[in-house]
Amino acid sequence: MSNESEKLLIVNNLATTFSTAGGPLPAVSGVSFEMLRNETIGIVGESGSGKTVLSRTIMGLQPRTNVVVTGSVLLNGNEMVGASEDFKRGLWGTEVAMVFQDPMTSLNPVMRIGKQIDESLRVRLGMSKVDAKARAIELLELVGIPSPAHRYSAYPGQLSGGMRQRVVIAIALACSPKLLMADEPTTGLDVTIQAQILNLLDELKERLHMSVVLVTHDLGVVATRTSRIIVMYAGRIVEIGDTRDVFHHHRMPYTRALLESSPKVSNASHTRLTTIPGRPPNLLKLSDGCSFAPRCSYATDRCHNERPELQPADEPAHSFACWNPLPTTRGASA
Ligand code: SF4
């Protein structure tokens, strides 16, 4: 069992609701989980499942208006919900940092990459110009940029997609965060570069003693790199557990559908992936029942009328939200 000092992140009953012209939009609802120091977890789900809003809410990165956040996010003992912008800014970089999806939009195209790293070192850590440049070159080396002193003066457009994502990671690591959030860090990169970036994150996590949250639609990304997985649908956690349990003993039909729609190394080439029928629900028009019901082949009347809450599975720390769970496969596989 973990004790309190081993917990880096405690999220409790978190909800993020946007005010829209169509009414309140509950992008995240009732989310609770904990994360240990030096742990890597995966948050997975289709686009619109709430995973990106959840990761931004944990960081305190919502817009200042038209959003209401309730619940609690305790990050290394610091409450993020309701904190002032100044307080959160003081934690960004040192306690938590984010690697965004698209390096081209998170890097300034008209600023040399070295300067973009220098900036956070000088502003946040108060380093001198000379020290910041030396540290920026070290960081470029740390993330595997060849000839880092030379590349320090390059513009983002002069680098490949994979190299740009390494620069984004270097910027995120500049102030040695305890928690690194990576939101679809490999989307748009080819498979070989994807593996390199994910291996780099693994390596850096060990070397820098960080915790990492991998946010992705692709279960293949989190299969071998996380200790636990959170599956989200329509803004809620629908299954959570150790990675092995979620992969091999999942009980929620949505988790199975996600797994079946993810590419696998064992698939023969040109294997057609299964798609999940239907579309994610309109969050402005959620029913009282299970949000997955219109797409679920196991749905019964109860599913359409009553929302299932998370309930414990057979394995410790494994829970799922479903009225008609898939039969347990425990004992069926070694
Ligand atoms: S509660 Fe019903 S609709 Fe929802 S996943 Fe389970 S079986 Fe399907």
On the given criteria, is Thr255 buried (at least 23 other Cβ atoms within 10 Å of the Cβ) and at pLDDT 90 or above?
yes
On the given criteria, is Asp86 in contact (Cβ under 8 Å) with a residue 12 or more places away in the chain, in a helix (DSSP H, G or I), among the acidic types (Asp, Glu) and farther than 22 Å from Leu214 by Cα?
no
Filtering the range 283-294 for residues that are without any contact (Cβ under 8 Å) to a residue 40 or more places away in the chain, out of contact with any His (no Cβ under 6 Å at 6 or more places or on another chain) and within 19 Å of Leu310 (Cα to Cα) leaves a count of 3
Could you list all residues from the range 193-210 that are in contact (Cβ under 8 Å) with a residue 12 or more places away in the chain and either surrounded by 13 or more Cβ atoms within 10 Å (Cβ to Cβ) or over 22 Å from Thr94 (Cα atoms) (or both)?
Ile193, Gln194, Gln196, Ile197, Leu198, Leu200, Leu201, Asp202, Leu204, Lys205, Leu208, Met210
Hey, could you check the range 143-189 for residues that are more than 21 Å from Met111 (Cα to Cα) and of a type in the set (A, V, I, L, M, F, W, C) and say which is surrounded by the fewest Cβ atoms within 10 Å (Cβ to Cβ)?
Leu189
Every residue in the range 2-31 that is hydroxyl-bearing (Ser, Thr, Tyr) and in a strand (DSSP E or B), please.
Thr16, Thr17, Ser19, Thr20, Ser29
Condition set without any contact (Cβ under 8 Å) to a residue 40 or more places away in the chain and either polar (S, T, N, Q) or more than 7 Å from the ligand (Cβ to nearest atom) (or both), scope the range 303-323, selection farthest from Arg251 (Cα to Cα): answer is Asn305
Within the range 283-297, is even one residue within 15 Å of the ligand (Cβ to nearest atom), crowded, with 16+ Cβ neighbours inside 10 Å and modelled with pLDDT under 95?
yes
Of the listed residues (Ser128, Ser72, Ser106), the one being under 23 Å from Val168 (Cα atoms) and either touching a strand residue (DSSP E or B) at 6+ places or on another chain (Cβ under 6 Å) or modelled with pLDDT of 90 or more (or both) is Ser128
Of the listed residues (Thr328, Thr300), the one being over 12 Å from Tyr254 (Cβ atoms), modelled with pLDDT of 95 or more, within 16 Å of the ligand (Cβ to nearest atom) and hydroxyl-bearing (Ser, Thr, Tyr) is Thr300
Which condition does Ala97 not pass, out of (1) touching a residue at least 60 places away in the same chain (Cβ under 8 Å); (2) farther than 30 Å from Thr17 by Cα, if it passes all the others?
(2)
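The values are calculated or read from the model by the stated rules, or taken from the named source; none is laboratory data. Remember, predicted model here, so these are calculated numbers, not experimental data. Cβ coordinates were reconstructed from backbone atoms using ideal geometry, including for glycine residues, and neighbour counts include every protein chain displayed.
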